[in-house]
1. Find the centroid of the Cα atoms in the stretch 65-125 and in the stretch 172-196, then give the distance between the two in whole Å.
2. Residue farthest toward the positive end of the dipole of the stretch 80-127, with Cβ of Lys/Arg at +1 and Asp/Glu at -1: which of Ile103, Gly117, Asn92?
3. Which of Lys112/Lys196; Lys75/Lys157; Lys157/Lys204; Lys95/Lys204; Lys34/Lys95 have a Cα-Cα distance over 21 Å?
4. Under 19 Å from the Cα of Lys104, which aspartates and glutamates turn up, not counting those fewer than eight places away in the same chain?
5. Filter the GluC sites (Glu not before Pro) in the stretch 27-86 to those in DSSP coil with at most 10 other Cβ atoms within 10 Å of their Cβ, and list the result.
6. What trypsin sites (Lys or Arg not before Pro) does the stretch 170-205 have in DSSP loop regions with at most 14 other beta carbons within 10 Å?
7. How many Å³ per residue does the convex hull of the Cα positions in the stretch 30-241 occupy?
8. Taking the Cα centre of the stretch 68-138 as origin, work out the dipole magnitude from +1 charges on Lys and Arg Cβ and -1 charges on Asp and Glu Cβ, in debye rounded to 20.
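Each value in this text was obtained by applying a stated rule to the coordinates, not by laboratory testing. Computed from a predicted model, the values in this text were never measured in an experiment. For neighbour counting, all protein chains shown are included, and Cβ atoms are generated from backbone atoms with ideal geometry for every residue, glycine included.
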Amino acid sequence: MKNKHMLLILIICTFIGLGLIPRVRAIEYSAGVKEGDELIWICSIYQKEKMEQLFGNDWDEINASVFKDMEEGAKMKWRITEIIENAILYSNKTKNNESALSIKFDIWNWTKNVDWGSKDSQDQRSLFKNPLNNLDDLIYPNFAPFWLPVPIGEYMKAMEPVLSSGYTVDGRVLLAITIELNIGDLDGTYPTEYVKVLALYNDKGIIRSYKLYITDHFVMVDISLESNPILEIPLIILLVVLSYIGLAIVLSKIK
């Protein structure tokens, strides 16, 4: 009888244990941004001559670079026009077509005219749903993509094993990608001296800060994502109103 009770207890504990074991599920990545979103970056530092020394003339024209026409004090804008959640992209890693995420967007090149006017071009960015299928250098000359799928921390960490040796990923605290290049790492000639890139991201997968340094932390490029004033102004008003309400309640109790 005792053995039967022990067997029953063992079976019950086994089922309870199985129920407590977390089920491992594949992470489903998404674009993070949505159609109609506008993203504006501002350039506070750009040492053009030095960058040409580091990477060669016309370095910013390569592969529809986000640095085209950049200058200090200028802004660049993207407007998301389409999200493709089930794109198909050929992977040089697997030699097969693989599932990918893709965003299409209008581009306003770097300008000091904040009236913007008509868009300058359109572009598309795609990344594989399986981070291990991505290329190891994240495309020169950006070195770090201006958009990554979300949840971005998990995507970064999953992508890290395939990145080149100069890449370091922080997918937990800073949401950052760091790239270090030594002389001649790109093609035997460029860069002409040590370069470090630090790219920080927000939780939507958008690059919020991009800095390119040389030795002794001299900054050659400094780009940051501009906050959206349309969202910030109502928030500020709300905080002010709540502060006045709180103060009124406190004063009424004192009286």
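1. The stretch 65-125 and the stretch 172-196 have Cα centres separated by 23 Å.
2. After comparing all options, I get Asn92.
3. On the way: Lys112/Lys196 27 Å; Lys75/Lys157 31 Å; Lys157/Lys204 16 Å; Lys95/Lys204 30 Å; Lys34/Lys95 30 Å.
Lys112/Lys196; Lys75/Lys157; Lys95/Lys204; Lys34/Lys95, as the Cα separations exceed 21 Å there.
4. Here the aspartates and glutamates satisfying the reach criterion relative to Lys104 are Glu35, Asp37, Glu38, Glu82, Glu85, Asp120, Asp123.
5. Working: sites: Glu28, Glu35, Glu38, Glu49, Glu52, Glu61, Glu71, Glu72, Glu82, Glu85; in loops: Glu28, Glu35, Glu71, Glu72.
Answer by residue number: Glu28.
6. Arg172
7. Details: hull volume 30.1 nm³, N = 212.
Convex hull of Cα atoms, per residue: 142 Å³.
8. About 160 debye.
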